[in-house]
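Written below as structure tokens is the structure these notes are about.
The values are calculated or read from the model by the stated rules, or taken from the named source; none is laboratory data. The shown structure was predicted, so the numbers you read here are calculated from the model rather than taken from an experiment. Glycine also receives a Cβ, built like all others from the backbone with ideal geometry; neighbour counts cover every protein chain displayed.
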Amino acid sequence: MRDISKLFLLLTIALVAVSGAFAQSTPPAAGPNLTIGLVMVGPYNDHGWSQANYDGLQYVLAKVPGTKLVYIDKANSADRPGTTVSQLGESLVAQGAKLVIFSSDDMTDEAIKFAQDHPDIFVILTSGSQQWKEGKNYLPLPNMINVMGRMEYMKMVAGVAAAMTTKTGKIGFLGPLINDETRRLASSAYLGARYAWVNYLKKDPAKLTFKVTWIGFWFNIPGVTSDPTQVADDFFNSGFDVVISGIDTTEAVAEAAKYTAQGKQVWAIPYDYSKAIDEGKGVSLGVPYFNWGPAYVNAVKSAMNGTWKNHFEWNGPDWKNINNPDTSAVGFNKGTLSKDASAAVDKFVGELGKGLNLWVGPLNYQDGTVFLKNKEKATDQQIWYLPQLLQGMEGQSVSK
Amino acid sequence: MRDTRTNRILFQIGAILFALIVTTLVLSLAGAQPFAAYKYIMLGAVGSWDVVSNVLVSWVPLLLATSGLLVTFTVGLWNIGIEGQITLGAIFTTWAMRLLQDSGWNPSLILVIAVLAGMLGGTLWALLAGALKTFGGVNEIFGGLGLNFVATALNIWLIFGPWKRPGVASMSGTLPFDRSLWMPIAAGSSRLTPATLVIAIVGIIAVYATIEGTYFGLKLKAVGRNPKSAYILGIPTWQHMMASFAICGVFAGLAGAVQVTAVYHRLIPSISSGYGYLGLMVAMLVGYKASLAAPVALFFAALNVGSIQLPIILKLDSSLAGVLQGTLVLFVILGQGVRTKLLKKTKVSS
């Protein structure tokens with residue numbers, strides 16, 4: 001009798017151990033055919049963030065035989081009331097998706113719930129950091145990969161283009177909502193602008209105005225966010241002649257084109273999507289953009305051939321050619337730049353490629369406290385989780 | 001034409017057919033295949049246990065909102081402010097959960113208190129609309145609309161302000177509550193919560209029983225049919241109107257509490273999910289009869305959930321569900337109008 005109870009105990013322990021191992025194992029390799037589900041926060045053709053992701057998946061379809069795409073866009077509670085993002089992900093699974101990409105930081109809670117509820121489905125949470133061992137929000141999930149591009153570099157390039165172009169010395173930054181990501185991107189643009197202002201133009205940094213205005217979300221939601229058109233207008237009407245857009249849609253460029261057509265020459269820099277400059281010919285200085293294709297190809301291949309391992313990746317540009325569609329995770333597509341500004345942008349990219357680092361002290365936070373001491377280099381974590389804007393920038397650092 | 005049950009049903013069927021024809025036309029004009037669209041909506045709503053449970057998740061707050069509205073409609077009130085009442089219910093629920101989440105109390109107790117708080121929030125907001133109507137002479141439609149805007153503004157202020165995530169203000173809402181504070185989910189489902197299903201079913205039965213089977217319900221009907229006569233016959237009119245507002249507020253608050261504790265597990269900007277307005281349509285479609293509310297609300301929820309398939313499979317906008325729902329209501333009301341006119345004509349000529 002005692003033996004039987006011992007055996008029973010052993011069996012129970014073995015069962016628990018096996019089920020535990022299963023709960024923590026990666027999904028099985030998908031094999032030669034894989035249906036990929038893509039959940040986008042905005043419209044798939046928004047000429048911004050969502051379209052950049054959509055195009056990234058088109059690249060995957062072209063490069064990886066055996067892949068198929070199902071997608072749902074406008075996955076936010078304002079556009080699809082009553083639905084949750086994890087529910088939308090499940091709709092894609094019902095269409096055969098074995099890998100689901102949640103392509104916005106805004107979907108973090110729901111993507112985690114989905115990954116936990118569906119351990120057999122591969123999950124990519126774009127722009128999240130949960131799988132970063134050294135990150136603040138580490139939550140190991142074997143079926144999840146986080147992918148992000150080092151847009152900081154290209155925002156610096158945008159800052160250089162803006163500083164080289166402004167006649168008034170006033171640069172506006174049309175910001176989305178306030179979080180770690182948006183603070184570090186706005187600050188990167190400022191660092192680039194200040195570098196060009198001081199080193200290329202030899203001007204007094206105190207005479208450079210860099211102001212951030214946040215609208216409250218990645219795109220306009222009438223009645224909920226501030227109207228980005230209105231914010232851009234406010235910039236142009238108060239002496240700012242270059243607006244760098246940090247939001248996912250192209251209002252800044254449209255407004256710059258409108259003002260310029262009325263005889264007031266102003267410029268804008270859109271964001272996210274390489275062809276976003278087409279909308280504002282003559283007023284768009286260029287666009288810092290994401291090239292999701294290569295990273296998605298790697299993740300998709302690993303899901304298919306069984307080499308998937310949960311991890312976080314923060315992919316940089318290919319300094320040999322930042323616009324190489326096969327190798328560079330981020331790029332800068334030059335638009336209407338003066339000869340000097342264009343040369344400065346090329347020079348700056350060259351310097352970055354050779355190791356120029358603008359995240360080096362002395363740098364203070366916006367409130368004057370020390371961020372980096374003299375010659376101290378910021379770690380990836382310090383940049384990723386930037387808690388404030390930098391000294392010299394105007395605008396809110398944290399939402400009040 | 002005579003006022004018979006048969007011709008009443010015939011008119012309703014005619015209205016539904018007209019609505020289908022119009023929606024089919026809209027689809028054809030958009031270059032889509034209408035029958036494929038209907039097929040995928042249906043499959044998306046009943047094709048698997050997963051989607052059926054999603055429909056039920058959506059049915060609960062919609063049925064709660066409809067249940068409340070049936071009471072206000074019974075006294076002849078258009079409680080447009082129900083959206084704001086749902087929102088306030090959600091805000092009060094979130095407030096209670098935020099206060100108690102670290103108390104160490106039993107999660108079930110916290111959930112019960114949070115739901116009660118939601119009911120209180122919805123009730124207070126509804127009574128405000130009622131007070132504006134009764135004591136301020138503000139039509140409940142305008143008062144309600146105004147209060148909806150105020151509720152939305154309050155909600156967004158809380159999410160982006162005092163209740164924001166640490167360092168981050170996000171459209172995705174406040175920080176989610178710990179899983180221990182989620183309404184328990186049924187085994188085999190990702191989100192269906194049996195407790196809320198029970199609440200919704202008990203709710204609609206209670207409303208039906210109250211309106212159809214109690215003296216209080218009879219008095220509500222009397223006020224709704226003719227407030228002056230009811231008053232002369234000794235029924236305190238404004239008190240009954242306020243009572244109906246309060247009851248509707250309880251249900252709206254419950255819907256808000258369900259959205260927070262069982263669906264989103266946090267407060268989000270569009271927490272009402274439009275269930276208040278959708279509930280108005282359901283109530284109108286069923287001719288304010290509680291007996292039909294549950295199946296019609298289920299049909300509307302199925303349309304909403306099923307229509308998610310449209311963008312995925314047919315690359316069509318999912319707002320088609322709204323077109324179908326809207327035209328259904330329009331044609332049913334139009335049918336009633338035409339029928340009433342025909343009946344009058346018959347009476348006059350005879």
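Is it fair to say residue A:106 is in a helix (DSSP H, G or I), within 16 Å of the chain's Cα centre (by Cα) and within 12 Å of another protein chain (Cβ to nearest Cβ)?
Against the criterion (in a helix (DSSP H, G or I), within 16 Å of the chain's Cα centre (by Cα) and within 12 Å of another protein chain (Cβ to nearest Cβ)), residue A:106 qualifies.
Which helices (runs of 4 or more DSSP H) sit wholly inside the range B:225-337 and have at least 1 residues that are under 16 Å from the mean Cα position of the chain (by Cα), at pLDDT below 95 and within 11 Å of chain A (Cβ to nearest Cβ)?
B:275-285, B:290-306
Across the range A:239-264, which residue is surrounded by the fewest Cβ atoms within 10 Å (Cβ to Cβ) among those that are free of Cβ contacts under 8 Å to residues at least 40 places away in the same chain and touching a helix residue (DSSP H, G or I) at 6+ places or on another chain (Cβ under 8 Å)?
A:264
Give B:127, B:120, B:56, B:109 a once-over and let me know the one that is without any contact (Cβ under 8 Å) to a residue 40 or more places away in the chain and in a helix (DSSP H, G or I).
On the way: B:127 fails: without any contact (Cβ under 8 Å) to a residue 40 or more places away in the chain; B:120 fails: without any contact (Cβ under 8 Å) to a residue 40 or more places away in the chain; B:56 fails: without any contact (Cβ under 8 Å) to a residue 40 or more places away in the chain.
That would be B:109, the only listed residue that is without any contact (Cβ under 8 Å) to a residue 40 or more places away in the chain and in a helix (DSSP H, G or I).
So for the range B:290-307 (the condition being on the phi > 0 side of the Ramachandran plot and touching a helix residue (DSSP H, G or I) at 6+ places or on another chain (Cβ under 9 Å)), does at least one residue qualify? Quick ask: steps written out before the conclusion?
Start the filter on the range B:290-307 by keeping residues that are on the phi > 0 side of the Ramachandran plot, which leaves none.
Checking the range B:290-307: not a single residue is on the phi > 0 side of the Ramachandran plot and touching a helix residue (DSSP H, G or I) at 6+ places or on another chain (Cβ under 9 Å).
Surrounded by 14 or more Cβ atoms within 10 Å (Cβ to Cβ) and of a type in the set (Lys, Arg): does that describe residue A:320?
Criteria not met by residue A:320.
Which number in (1) over 20 Å from the mean Cα position of the chain (by Cα); (2) in a helix (DSSP H, G or I); (3) closer than 23 Å to residue B:70 by Cβ marks the one condition that residue B:203 misses?
The one condition residue B:203 does not meet is (1).
List pairs: first in the range A:142-153 and more than 24 Å from residue A:28 (Cα to Cα), second part of a loop (DSSP other than H, G, I, E, B), Cβ under 6 Å, 6+ apart or cross-chain?
A:148/A:127; A:149/A:329; A:150/A:316; A:153/A:317
Taking the condition within 26 Å of residue B:283 (Cα to Cα), crowded, with 24+ Cβ neighbours inside 10 Å and not acidic (Asp, Glu), does residue B:159 pass?
Against the criterion (within 26 Å of residue B:283 (Cα to Cα), crowded, with 24+ Cβ neighbours inside 10 Å and not acidic (Asp, Glu)), residue B:159 does not qualify.
Taking the range B:27-53, which residues are part of a helix (DSSP H, G or I) and more than 18 Å from residue B:300 (Cβ to Cβ)?
Correct list: B:27, B:28, B:29, B:34, B:35, B:36, B:39, B:49, B:50.
With the condition being within 30 Å of residue A:36 (Cβ to Cβ), I'd like the helices (runs of 4 or more DSSP H) fully within the range A:288-397 carrying at least 2 qualifying residues.
A:293-305, A:380-384
Can you confirm whether the range B:133-142 contains a residue that is closer than 14 Å to residue A:216 by Cβ and either within 14 Å of chain A (Cβ to nearest Cβ) or part of a helix (DSSP H, G or I) (or both)?
No - not one qualifying residue is present in the range B:133-142.
Only one of these conditions is not met by residue B:18: (1) crowded, with 16+ Cβ neighbours inside 10 Å; (2) under 29 Å from residue B:270 (Cβ atoms); (3) away from chain A (no Cβ under 14 Å). Which number is it?
It is condition (2) that residue B:18 fails.
Identify, from the list B:10, B:63, the residue that is of a type in the set (A, V, I, L, M, F, W, C) and more than 30 Å from residue B:143 (Cβ to Cβ).
Values: B:63 fails: more than 30 Å from residue B:143 (Cβ to Cβ).
None of the others qualify; the one that does is B:10.
Anything in the range A:386-400 that is more than 18 Å from residue A:153 (Cβ to Cβ) and of a type outside the set (Lys, Arg)? List them, or say none.
Of everything in the range A:386-400, those that are more than 18 Å from residue A:153 (Cβ to Cβ) and of a type outside the set (Lys, Arg) turn out to be A:387, A:388, A:389, A:391, A:392, A:393, A:394, A:395, A:396, A:397, A:398, A:399.
Given the structure, is residue A:113 out of contact with any His (no Cβ under 7 Å at 6 or more places or on another chain) and either away from chain B (no Cβ under 11 Å) or at positive phi (or both)?
Taking the combined requirement at face value, the residue does not satisfy it.
Surrounded by fewer than 21 Cβ atoms within 10 Å (Cβ to Cβ) and in contact (Cβ under 8 Å) with a residue 24 or more places away in the chain: is that true of residue B:254 in this structure?
Here the answer is no, as residue B:254 does not meet what is asked.
Please go through the range A:319-378 and give me each residue that is more than 16 Å from residue A:197 (Cα to Cα) and small (Gly, Ala, Ser), ordered by number.
A:328, A:329, A:331, A:335, A:350, A:353, A:355, A:361, A:368, A:378
Kindly list, by first and then second residue, each pair from a residue in the range A:70-92 that is over 17 Å from residue B:58 (Cα atoms) and more than 7 Å from every other protein chain (Cβ to nearest Cβ) to a residue that is of a type in the set (Lys, Arg) and surrounded by fewer than 24 Cβ atoms within 10 Å (Cβ to Cβ), limited to pairs with Cβ atoms under 7 Å and residues at least 6 apart or on different chains.
Every condition considered, the pairs that remain are A:74/A:80.
Okay, residues lined up against (1) touching a residue at least 24 places away in the same chain (Cβ under 8 Å); (2) at positive phi; (3) surrounded by 15 or more Cβ atoms within 10 Å (Cβ to Cβ):
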| residue | (1), (2), (3) |
| --- | --- |
| A:326 | yes, no, no |
| A:330 | yes, no, yes |
| A:335 | yes, no, yes |
| A:342 | no, no, yes |
| A:369 | no, no, no |
| A:378 | no, no, yes |
| A:386 | yes, no, yes |
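Would you mind telling me which numbered condition in (1) more than 14 Å from every other protein chain (Cβ to nearest Cβ); (2) within 29 Å of residue A:107 (Cβ to Cβ); (3) surrounded by fewer than 24 Cβ atoms within 10 Å (Cβ to Cβ) residue A:168 fails?
(2)
I'm checking my understanding of the structure. Among residues of the range A:93-103 that are facing another protein chain (nearest Cβ under 9 Å) and in contact (Cβ under 8 Å) with a residue 12 or more places away in the chain, which one is surrounded by the most Cβ atoms within 10 Å (Cβ to Cβ)?
In this case the residue turns out to be A:93.
Considering only residues that are among the aromatic types (Phe, Trp, Tyr) and away from chain B (no Cβ under 14 Å), which ones fall in the range A:184-235?
Within the range A:184-235, A:190, A:195, A:197, A:200, A:210, A:235 meet the criteria.
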